[in-house]
Amino acid sequence: MNFDEWQRVEETAIGDKCLQKLDELETILLATKDACIRDPGNVSKQLTGSCTKTEQVFDDMKKMEKRFNSSMNKFGKALDRKFNFNLEDISLHSSFEDKKNELNTALALHFFRQGETEIAHSFCKEAGIEEPPNMVQAFTLLNTILQGIRQHDLQFAIDWALQCRGYLERKGSNLEFLLHRHQLLNEYFQTQDVLAAIHYCRTYLTDFQDKHLKEMQKLIGALFFSSRSASVVSSKMNGSHKGRSEQHEINQLANDIPEDYRKVLRLDWKHLELIFVREFCAALGMSLDSPVDIVVNAGSIALPVLLKVSNIMKQKHTEWTSQNELPVEIHLPTNYHFHSVFTCPVSKEQATEENPPMMMSCGHVIAQESLRQLSRNGSQHFKCPYCPNENDAESSTRVYF
């Protein structure tokens, strides 16, 4: 399907145009009010002229609405023509007959994960499944923290990172340091108080100096560069009348910070939110992306190919006989490539149900049998074969590919 119909919908969209017309209507009414106050003798004439103008505005809005509705109808018909197929032809009901409870649980967790608490509660009730209490509480907390991050309030996020400091350190995560860095710079940009920023560094960042000393040094340097530029600009602004050349000089002084230090002062809230979600979900033993999102997106990519195969099979009067296997290869993006087989890097043996892959507290994965041998049947700590971290068998968790 070409996108002419959708472009027509975008061109006739009434959102911004409607607001412009409402602003125009407000201007007409205010102008009429002022004219009536200035010249009470001609109120009738002013109101007549105002009515004519307002009627014109309403007529324009009705025409815009009519064009938009027409575009939407044409777009809907185009979708119906393009996607006129029966999904029953490619469905595999038998593959999910005994998985209904698992599917409902996955959907419920997706709703909780997205912060749609009311929908999740209703879905669990109607599907007849129990709400996973730990997950409900965890995802409620996650959405509360994310809402704070989007409003540049990091206190809940910092509290969570502090509670999970041991886990984050074993994992080698720098999340807590990033949270404090964003908090420090956010407060400094609001107050321009470099001494308060230095006090914050001494109070909260000293625990991270072993790992992030160079970053902290550059951060302090950037704060001094920024405070110097701000003070120079302030003194200039409080001086005499500024000509064009002087104003240009002030703008230059405001940017008189070396690029390396300027980078330190930049805050990427979206990136911080992504890192927090990743670490939070990892602490729960879950993936960054919702499994429902992954399945729906992968299915959408595969749908055209599967429909084409289904039509060919119909024409040739053949059936789809392969079990647990698709009749054609589906090319998915690299981020949807998952390993279904794991080979232990220690024993060089493929993992099985009896010898599953286990993730140690440092994040590296080995087979359960290798874990048992390294830990002397769980009786002692051992060094990870790939990093200097100390691990123990009890803190290891099974990994499902």
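Summary of values
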item: Scope region 333-381; condition under 17 Å from GLU394 (Cβ atoms), open to solvent by 30 Å² or more (accessible area, probe 1.4 Å) and touching a residue at least 40 places away in the same chain (Cβ under 8 Å); matching residues; result: MET359, GLY363
item: Residue among ALA138, ALA35 that is under 30 Å from ASP159 (Cα atoms) and among the hydrophobic types (A, V, I, L, M, F, W, C); result: ALA138
item: Subset of region 119-131 that is surrounded by 14 or more Cβ atoms within 10 Å (Cβ to Cβ) and under 29 Å from GLU273 (Cβ atoms) - its residue that is modelled with the lowest pLDDT; result: GLU131
item: Qualifying residue in region 311-326 (condition: open to solvent by less than 50 Å² (accessible area, probe 1.4 Å), modelled with pLDDT under 80 and either farther than 24 Å from TYR400 by Cα or assigned to a helix (DSSP H, G or I) (or both)); result: yes
item: Subset of region 132-155 that is assigned to a loop (DSSP other than H, G, I, E, B) and modelled with pLDDT of 90 or more - its residue that is surrounded by the fewest Cβ atoms within 10 Å (Cβ to Cβ); result: GLN151
item: Residue match in region 106-118 (condition: over 20 Å from the mean Cα position of the chain (by Cα), among the β-branched types (Val, Ile, Thr) and modelled with pLDDT under 90); result: no
item: Condition check for VAL399: open to solvent by less than 70 Å² (accessible area, probe 1.4 Å) and over 23 Å from GLU279 (Cα atoms); result: no
item: Conditions (1) of a type in the set (D, E, K, R); (2) within 20 Å of ILE149 (Cβ to Cβ); (3) open to solvent by 20 Å² or more (accessible area, probe 1.4 Å): number failed by ASP193; result: (2)
item: Cβ-Cβ under 6 Å pairs, at least 6 apart or on other chains, region 215-235 side farther than 17 Å from ARG181 by Cβ and surrounded by 15 or more Cβ atoms within 10 Å (Cβ to Cβ), far side of a type in the set (A, V, I, L, M, F, W, C) and at pLDDT below 60; result: SER229/LEU253; SER229/ALA254; VAL232/LEU253; VAL233/ILE250; VAL233/LEU253; VAL233/ALA254
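The values are calculated or read from the model by the stated rules, or taken from the named source; none is laboratory data. Note that this is a predicted model, so its numbers are computed, not measured. We place every Cβ from the backbone using ideal geometry, glycine too, and count neighbours over all the protein chains shown. Note: accessible area is taken over every heavy atom of the protein model, side chains too, but ligands, DNA and RNA are not part of it. Shrake-Rupley method; radii C 1.70, N 1.55, O 1.52, S 1.80 Å.
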